[in-house]
Amino acid sequence: MKINIHGAAEEVTGSCSEISVGHNKFLVDCGLIQGSWKHEKRNAEPFPFEPADIDALILTHAHIDHSGRLPLLVKSGFSGPIYCHKANRELLEILLLDSAYLQEKEAEWNNRKRLRKGLPEIEPLYTRADVPAVLEQLHLVEYKEKLQLSKDTAFRLRNAGHILGSSHLEFYANEQGKEKTVVFSGDIGNPGAPIQQDPDIDGQPDLVIMESTYGNRNHISWEESEQELKESIEHAARDGGNVLIPAFAVGRTQTILHYFAKYFREWHLDQWDIFLDSPMAIKVTEAYEGYSYLYKETTQPFWSKGALCRHIPNLHFTADTNESMALNSIKSGAIIIAGSGMMTGGRIKHHMKHNLWRSQCDLIITGFQPEGTVGRRIVDGSPFIKLWGESIRVAASVHTIGGLSAHAGQRDLLHWYQKFSNSPPVILNHGSASTIEEFKDFLQQHTSGDITIAKKGQTFNL
Ligand SMILES: [Zn+2]
Ligand SMILES: [Zn+2]
């Protein structure tokens with residue numbers, strides 16, 4: 001068996017690995033490379049394998065950094081089954097259509113400039129019309145269901161506890177009578193999360209391919225995060241204005257809504273009007289409602305169909321643009337959850353324009369803000385930010401909630417690995433170069449397993 005790491009080697013996006021067993025070839029994930037323009041243009045490069053030669057693809061979860069090049073792969077000749085946990089069906093459709101729309105817009109924007117320069121037009125990476133073909137190739141499976149891929153290969157998905165439908169992959173190959181198991185971690189969830197069940201893994205694999213996104217730091221506990229969120233809401237109630245919560249559509253939004261449902265009385269949320277102002281987050285939240293049986297037992301009552309709106313009777317879904325614009329005239333008493341989580345795009349920018357300069361308002365930041373983003377400048381205490389070229393004063397109170405991450409922190413990653421009773425060799429990927437280096441050192445101090453950092457295009461023989 002050979003494993004070739006095509007993506008997410010010393011970076012956090014573009015996950016894609018290839019497994020070869022005899023004449024059969026399988027892919028694990030086919031994600032979009034995200035980041036600067038320089039990074040993203042690599043998406044258009046030809047695949048380092050022949051898509052038509054791939055027998056099947058196994059998808060760990062629907063996040064675009066794992067699934068975002070599927071339409072391109074299918075367009076380029078891959079016609080095999082795409083196996084994933086059944087809860088990915090809706091999320092994939094929502095996220096791939098959104099990604100395709102962004103590709104179309106980007107090509108349109110580029111072409112306007114190119115035409116003015118007399119340059120030929122470029123094609124988008126893929127369009128919304130390419131998405132249905134991907135969905136038709138989906139083969140939906142349950143956790144722990146063992147499926148045969150070929151005469152000598154099989155696989156099983158285990159719950160990764162990261163987002164809805166996220167999976168670890170156990171891949172089995174029988175070569176000349178020798179049975180080998182490789183585990184691909186996918187993205188590993190942050191144990192103790194309120195909705196997802198904790199990551200589920202064990203066994204004695206021969207090799208582990210493991211993510212390292214937060215391999216250099218630990219998150220604060222879920223209890224502390226809950227307390228921070230509660231205190232921010234109480235602070236905002238005293239301020240008397242509106243509350244803005246920038247949040248990504250998948251995972252973070254549902255976590256916040258879950259806390260609002262659970263603590264509706266305790267946090268006096270009845271004195272607010274709560275708006276989920278993101279068409280994508282609304283659809284994703286509806287998808288989350290379809291799979292409550294997968295969640296922690298105490299969580300399930302909040303997530304059966306229609307339960308969320310029963311627990312938060314003042315929750316309003318404002319998918320329509322006019323409804324969203326109407327929020328601009330509300331001066332107090334509104335909690336507005338909108339994307340994007342890093343405040344780089346989406347409706348949250350409009351709400352920031354209308355609220356950020358008002359000292360009665362509160363901004364609750366619930367996720368990591370990378371360098372170079374508006375969110376980072378606000379977290380760093382910048383008194384002004386720029387929106388559409390206009391300078392906006394930051395007079396609202398800013399709160400940052402620490403630990404709502406869907407990714408395992410350093411300690412949890414170690415505990416995850418320690419579930420394997422044989423200290424198997426491990427290949428680290430899905431982390432920045434410096435983070436992976438730190439995580440390797442940390443892991444080396446605590447385990448006896450052989451640890452390698454994956455390089456792009458590197459092949460491992462097993
Ligand atoms: Zn992910
Ligand atoms: Zn990822």
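Coordinate-derived values only; no laboratory data. Since the structure is predicted, the reported quantities are computational estimates derived from the model, not experimental observations. Here the Cβ positions follow ideal geometry from the backbone for every residue, glycine too, while neighbour counts run over all protein chains shown.
With a cut-off of at least 1 residues that are away from ligand 2 (no atom under 16 Å from the Cβ), name the helices (runs of 4 or more DSSP H) lying wholly within the stretch 1-77.
On the way: elements: 37-40, 64-67, 70-75.
Result: 37-40, 70-75.
Being farther than 20 Å from Met1 by Cβ, more than 25 Å from the chain's Cα centre (by Cα), free of Cβ contacts under 8 Å to residues at least 60 places away in the same chain and assigned to a helix (DSSP H, G or I), is that true of even one residue in the stretch 448-458?
Checked against the condition, which is being farther than 20 Å from Met1 by Cβ, more than 25 Å from the chain's Cα centre (by Cα), free of Cβ contacts under 8 Å to residues at least 60 places away in the same chain and assigned to a helix (DSSP H, G or I), the stretch 448-458 yields no hits at all.
Right, Ser99: over 21 Å from the mean Cα position of the chain (by Cα) and of a type in the set (S, T, N, Q) or not? Walk me through it before giving the result.
Numbers: over 21 Å from the mean Cα position of the chain (by Cα): no; of a type in the set (S, T, N, Q): yes.
When the stated conditions are applied, Ser99 does not pass them.
Count, please, the residues in the stretch 19-42 that happen to be away from ligand 1 (no atom under 16 Å from the Cβ) and either within 14 Å of Asn429 (Cα to Cα) or hydrophobic (A, V, I, L, M, F, W, C) (or both).
Of the residues in the stretch 19-42, the ones away from ligand 1 (no atom under 16 Å from the Cβ) are 19-27, 36-42.
Among the residues that remain, those that are also either within 14 Å of Asn429 (Cα to Cα) or hydrophobic (A, V, I, L, M, F, W, C) (or both) are: 19, 21, 26-27, 37.
Going through the stretch 19-42 one residue at a time, the tally reaches 5.
Take the residues in the stretch 17-49 that are in contact (Cβ under 8 Å) with a residue 60 or more places away in the chain and at positive phi, then tell me which one is surrounded by the most Cβ atoms within 10 Å (Cβ to Cβ).
Residues of the stretch 17-49 in contact (Cβ under 8 Å) with a residue 60 or more places away in the chain: 17, 19, 21-22, 24, 26, 28-29, 32, 43-44, 48.
The next check asks that each one be at positive phi; those that pass are 22, 29.
Details: Gly22: 14, Asp29: 29.
So the residue we want is Asp29.
Restricting the stretch 339-350 to residues that are touching a Phe, Trp or Tyr at 6+ places or on another chain (Cβ under 9 Å) and surrounded by 23 or more Cβ atoms within 10 Å (Cβ to Cβ), which is farthest from Val374 (Cα to Cα)? Lay out the reasoning, then the answer.
The first filter runs over the stretch 339-350 and keeps only residues touching a Phe, Trp or Tyr at 6+ places or on another chain (Cβ under 9 Å), leaving 339-342, 349.
From what is left, the residues that are surrounded by 23 or more Cβ atoms within 10 Å (Cβ to Cβ) are 339, 341.
Numbers: Gly339: 13, Gly341: 11 Å.
Top of the filtered list is Gly339.
Could you figure out which of (1) within 16 Å of ligand 2 (Cβ to nearest atom); (2) within 30 Å of Lys262 (Cα to Cα) isn't true of Leu169?
So the condition that Leu169 fails would be (2).
Have a look at Leu428, Leu443 and point out the one that is in a strand (DSSP E or B), of a type outside the set (Asp, Glu), touching a helix residue (DSSP H, G or I) at 6+ places or on another chain (Cβ under 7 Å) and within 30 Å of Met1 (Cα to Cα). Outline the logic, then answer.
Details: Leu443 fails: in a strand (DSSP E or B).
Only one candidate passes the filter, namely Leu428.
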